[in-house]
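The values are calculated or read from the model by the stated rules, or taken from the named source; none is laboratory data. Because the structure is a prediction, the values reported are computed rather than measured. Cβ coordinates were reconstructed from backbone atoms using ideal geometry, including for glycine residues, and neighbour counts include every protein chain displayed. Surface areas here come from the heavy atoms of the whole protein model, side chains and all, with no ligands, DNA or RNA. Shrake-Rupley method; radii C 1.70, N 1.55, O 1.52, S 1.80 Å.
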Amino acid sequence: MLLDIENHVATLRLNRPDKGNAIDADMADDLAEAATQIAERSDVRAVLIAANGPNFTVGGDLGLFAGTARERLPSRLRRMIDSYHLAIDRFTSIDAPVIAAVRGGAGGGGLGLLYVADIVVAADDARFALGYGALGLTADGGNTWFLPRMVGMRRAQELFLLNRRLTAQEALAFGLVSRLAPDDAVETEAAGLAAKLASGPTLAYGAVRRMLRQSFETGLSDQLAAEKDSIVAASNTQDAQEGIAAFVAKRRPQFHGR
């Protein structure tokens with residue numbers, strides 16, 4: 001993994017292009033460490049997840065699985081997935097919005113990096129697949145939690161059981177990605193979105209990220225109470241005061257993430 005933080009944007013780049021950016025134990029550990037570093041830095045106000053090479057990530061490293069003795073594979077998988085799931089948990093809990101730039105193939109547990117993103121920009125020739133059924137495996141990366149919420153239960157069942165591959169256009173129609181762009185423009189568009197979000201009210205973004213995610217498990221009365229508590233707390237932030245003053249003055253607000 002490569003991590004660069006500049007102008008309040010943390011750019012996290014998968015960097016095993018010769019292996020399709022397949023996730024192995026080292027990459028999972030790197031993801032957990034990078035997510036933790038990002039979560040600990042108050043100056044990070046947006047995150048961009050991208051990848052070197054022609055593919056975003058093919059998912060888990062099947063070469064690693066095949067090269068591991070049967071009796072050792074369960075413990076190796078458990079440790080690797082522990083780190084990977086920690087990274088996913090970290091990315092969903094931070095205030096900073098997350099943008100994913102997807103080129104080429106994205107599959108398996110690697111889709112978890114799309115799920116943690118608030119906006120996914122995909123190449124118009126990108127492709128997506130789960131792949132677990134063909135391997136006799138189940139799921140990781142949050143696939144069984146996020147996917148039904150994004151595409152609906154019936155579509156999720158079909159994708160899991162029939163191992164269907166999605167084109168970029170299908171992924172857009174299903175709601176798996178937010179928008180499409182030409183392959184050579186994906187990262188430019190995603191970086192522009194990250195820069196725009198990095199200049200926004202970060203604390204408010206974080207509260208909205210959490211409330212949207214919890215809304216699937218929360219009753220209406222509890223969600224209304226959460227909204228009330230959240231907006232009352234937000235009204236006391238510097239960014240809210242700036243936003244209100246800017247609106248009254250008919251000027252563009254200058255947010256600082258505080």
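Scan segment 55-71 for residues that are farther than 27 Å from Ala185 by Cα, open to solvent by 50 Å² or more (accessible area, probe 1.4 Å) and either at pLDDT 90 or above or in a helix (DSSP H, G or I) (or both) and the total you get is 3. Is segment 73-85 home to any residue that is under 20 Å from the mean Cα position of the chain (by Cα) and under 19 Å from Gln214 (Cα atoms)? Yes, there is a match, as at least one residue in segment 73-85 is under 20 Å from the mean Cα position of the chain (by Cα) and under 19 Å from Gln214 (Cα atoms). Please tell me if Leu12 is more than 19 Å from Thr188 (Cα to Cα) and either at pLDDT 95 or above or assigned to a helix (DSSP H, G or I) (or both). Answer is no for this residue.
Can you confirm whether Asp184 is assigned to a helix (DSSP H, G or I), loosely packed, with under 12 Cβ neighbours inside 10 Å and of a type in the set (Asp, Glu)? Judged against the criteria, Asp184 is a match.
Residues are listed down the side, and each one gets a yes or a no for (1) open to solvent by 40 Å² or more (accessible area, probe 1.4 Å); (2) without any contact (Cβ under 8 Å) to a residue 12 or more places away in the chain; (3) on the phi > 0 side of the Ramachandran plot; (4) not basic (Lys, Arg):
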position	(1), (2), (3), (4)
Ala191	yes, no, no, yes
Ala194	no, no, no, yes
Lys228	yes, yes, no, no
Gln238	yes, no, no, yes
Gly257	no, no, yes, yes
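Restricted to segment 163-200, and to residues there that are of a type in the set (Asp, Glu) and over 17 Å from the mean Cα position of the chain (by Cα), the residue that is farthest from Ala101 (Cα to Cα) is Glu170. Of everything in segment 196-226 that is β-branched (Val, Ile, Thr) and surrounded by 15 or more Cβ atoms within 10 Å (Cβ to Cβ), the residue that is farthest from Phe146 (Cα to Cα) is Thr202. The residue that is nearest to Ala134 (Cα to Cα), among those in segment 24-42 that are over 15 Å from the mean Cα position of the chain (by Cα) and in contact (Cβ under 8 Å) with a residue 40 or more places away in the chain, is Asp24.
Restricting attention to segment 151-162, does a residue exist that is modelled with pLDDT of 95 or more, within 19 Å of the chain's Cα centre (by Cα) and closer than 26 Å to Arg78 by Cα? The answer is yes, given that some residue of segment 151-162 is modelled with pLDDT of 95 or more, within 19 Å of the chain's Cα centre (by Cα) and closer than 26 Å to Arg78 by Cα. When Glu242 is tested against (1) open to solvent by less than 70 Å² (accessible area, probe 1.4 Å); (2) part of a loop (DSSP other than H, G, I, E, B); (3) not hydrophobic (A, V, I, L, M, F, W, C), only condition (2) is not met.
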